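The values are calculated or read from the model by the stated rules, or taken from the named source; none is laboratory data. Everything quoted here is computed from the prediction, not taken from an experiment. Note that we place each Cβ from the backbone using ideal geometry, even for glycine, and neighbour counts take in every protein chain shown. The accessibility values were calculated without ligands, DNA or RNA, using every heavy atom of the protein model including side chains. Shrake-Rupley method; radii C 1.70, N 1.55, O 1.52, S 1.80 Å.
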Amino acid sequence: MNKPLSVMVQEAKAEVMTVINRIGLPVELADLVLSSVLSDVRGQLTLEVLNYSKKIEQEINKQEGDENG
């Protein structure tokens with residue numbers, strides 16, 4: 001079963017914080033690292049959503065072409 005995005009983000013934050021705590025980064029650096037990781041995740045998710053919506057649009061166009069052709 002797929003988890004909601006909010007749950008996946010919270011799990012990712014927890015994992016990043018575990019690693020940060022394990023290596024003993026100062027709080028200021030920990031915030032920067034966490035922010036950077038979440039920014040990268042957000043960017044990757046945006047790309048995946050855009051790619052998926054392009055695939056859906058292509059499938060819709062293909063089906064409309066089949067119906068009209």
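Tabulated values for the structure
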read-out	value
Cβ pairs under 8 Å, 6+ apart, first in the range 1-18 and open to solvent by less than 90 Å² (accessible area, probe 1.4 Å), second of a type in the set (Lys, Arg) and not in a helix (DSSP H, G or I)	GLU11/LYS3
Among (1) out of contact with any Lys or Arg (no Cβ under 7 Å at 6 or more places or on another chain); (2) in a helix (DSSP H, G or I); (3) surrounded by 10 or more Cβ atoms within 10 Å (Cβ to Cβ), the one test that GLY65 misses	(3)
Residues satisfying the stated conditions in the range 28-51, i.e. over 20 Å from VAL9 (Cα atoms) and either open to solvent by 100 Å² or more (accessible area, probe 1.4 Å) or outside any helix (DSSP H, G or I) (or both)	GLU28
